[in-house]
Amino acid sequence: MPELPEVEVVRAGLAPAVTGARVVAVEVLDARSLKRHEAASGDFETLLTGERIEAAVRRGKFLWMPLAGGAALVGHLGMSGQLLLRTPDHPGDDRHARIRLHLEHPDHGELRVDFVDQRIFGSMAIDRLLPTSDGRTAGFSADVTGPWARSIPSQVAHIARDPLDPAFDDAAFVAALARRATGVKRVLLDQGVVSGIGNIYADEALWAVRMHGEQPAASLSRRRVRELLAAVRAVLQKALAEGGTSFDAQYVNVNGASGYFAHSLNAYGRTGRPCPRCGTPIVREAFMNRSSHRCPRCQRLRAGSRGGAVVTAATPPPPEVDRSLTAAARPTRARTAGSRARG
DNA sequence: ATACACGCCTGCTGGC
DNA sequence: TGCCAGCAGGCGTGTA
């Protein structure tokens, strides 16, 4: 399931191929993938056909391509979405292909972008661009000089900046947690507070700093919140670095699903298997209609230390983000695009 | 305003 | 073997 690193891999793979390309034809194979397209703004195919793509930009898990006409093509991969860059003659028998874009690029010639999405939690839409509320660059892209750089699609405007964004406000994040009367994991998953984090990387970051997901956010000291934020960044960057290796730049096989499942993980999906740190079996617990995974020994609920004396016994040891995520993960890492064929 | 349950979707898996 | 519940879960919406 694509979270920030996976979406960034897709964006980075897409960008060189689509930037400057013209949309010559659009095929909507399943209109359900347009559920976030506002019909009142016009027909999706009509609005998109003939447009020139200016860039590929990402904030959190949202991806968009500013168009020369001033609007943007917005994509969200949802649970199972992929944006696959293909040659025009690629077989069209993909069972879950929902939308197809036929592009003409001045340097690369004819290209096809297939939006493939099994569960249809993802979507594409044409949306208008609004100025960013803080006047800064809207998201991540290679080019920040275009007229669209400080503009964000209306349906992405409520999404917070992600932790890898240079404009992310650490102090505001600390303050936001102090205000929240809920568990820290819920806040990590709230895209209005910090974007890009899904269930997998939330569990991994919490494991890295030995924190219980139900720990009340407001009970955390500023220091602990900053440790958590650092762990989030480390986990995302580590995954991103791995994803970079799985991208086959030669023949643009842009693929959001290859990579991260089943490897590099210390807690997520490891129910019953030993915690890489202490050996205690990882437990799985119901959480918001899904699951949380944690080490019952390393990650316990603790008395809050915020605003009071630090309780020595409750002070966690320093996080071991790097060592655990690097060394433990490598042997099980999947290969690259080639391994994807197994499905 | 904030917190949380729910619906949207398909395909796979395990229990009976 | 077939059937069905459960699970995967991001995000918008509705409710309290």
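The values are calculated or read from the model by the stated rules, or taken from the named source; none is laboratory data. As the structure is a computational prediction, the values presented were derived from the model and not from experiment. Don't worry about glycine lacking a Cβ; one is built from the backbone with ideal geometry, like all the others, and counts go over all protein chains shown. Quick note on the areas: whole protein, heavy atoms, side chains included, nothing else; ligands and nucleic acids left out. Shrake-Rupley method; radii C 1.70, N 1.55, O 1.52, S 1.80 Å.
Being modelled with pLDDT of 95 or more and within 16 Å of DNA strand B (Cβ to nearest atom): is that true of A:A181 here? Spelling it out, it is not the case that A:A181 is modelled with pLDDT of 95 or more and within 16 Å of DNA strand B (Cβ to nearest atom). Residues that are outside any strand (DSSP E or B) and in contact with a Leu (Cβ under 7 Å, 6 or more places away or on another chain) were ranked within the range A:113-157; the one that is most open to solvent (accessible area, probe 1.4 Å) is A:A157. Checked against (1) of a type outside the set (D, E); (2) crowded, with 24+ Cβ neighbours inside 10 Å; (3) at pLDDT below 95, A:P66 passes all but a single condition, namely (3).
Restricting to the range A:192-201, count the residues that are surrounded by fewer than 24 Cβ atoms within 10 Å (Cβ to Cβ) and of a type in the set (A, V, I, L, M). Looking only at that region, the number is 2.
Restricting A:R32, A:R22 to residues that are more than 16 Å from DNA strand B (Cβ to nearest atom), outside the structural domain of A:Y268 (by TED's automatic domain parsing), at negative phi and out of contact with any helix residue (DSSP H, G or I) (no Cβ under 9 Å at 6 or more places or on another chain) narrows the list to A:R22. Within the range A:38-59, being at pLDDT 95 or above and open to solvent by less than 30 Å² (accessible area, probe 1.4 Å) holds for A:F44, A:L48, A:I53, A:A55, A:A56, A:V57, A:R58, A:R59. With respect to A:G122, determine if the residue is within 16 Å of DNA strand C (Cβ to nearest atom), in the same structural domain as A:L34 (by TED's automatic domain parsing) and modelled with pLDDT under 95. It is true that A:G122 is within 16 Å of DNA strand C (Cβ to nearest atom), in the same structural domain as A:L34 (by TED's automatic domain parsing) and modelled with pLDDT under 95. Counting only residues that are under 24 Å from the mean Cα position of the chain (by Cα) and open to solvent by 50 Å² or more (accessible area, probe 1.4 Å), the range A:15-30 holds 2 of them. Where strands (runs of 3 or more DSSP E) fall entirely within the range A:37-88, those with at least 2 residues that are within 16 Å of DNA strand B (Cβ to nearest atom) are at A:81-86. For first residues located in the range A:270-291 and in a loop (DSSP other than H, G, I, E, B) and of a type in the set (G, A, S), partners that are open to solvent by 60 Å² or more (accessible area, probe 1.4 Å) and at pLDDT 90 or above and lie 6+ apart or on another chain with Cβ distances below 6 Å form the pairs A:G272/A:P281.
The criterion of being open to solvent by less than 10 Å² (accessible area, probe 1.4 Å), within 16 Å of DNA strand B (Cβ to nearest atom) and of a type outside the set (D, E, K, R) does not hold for A:V174.
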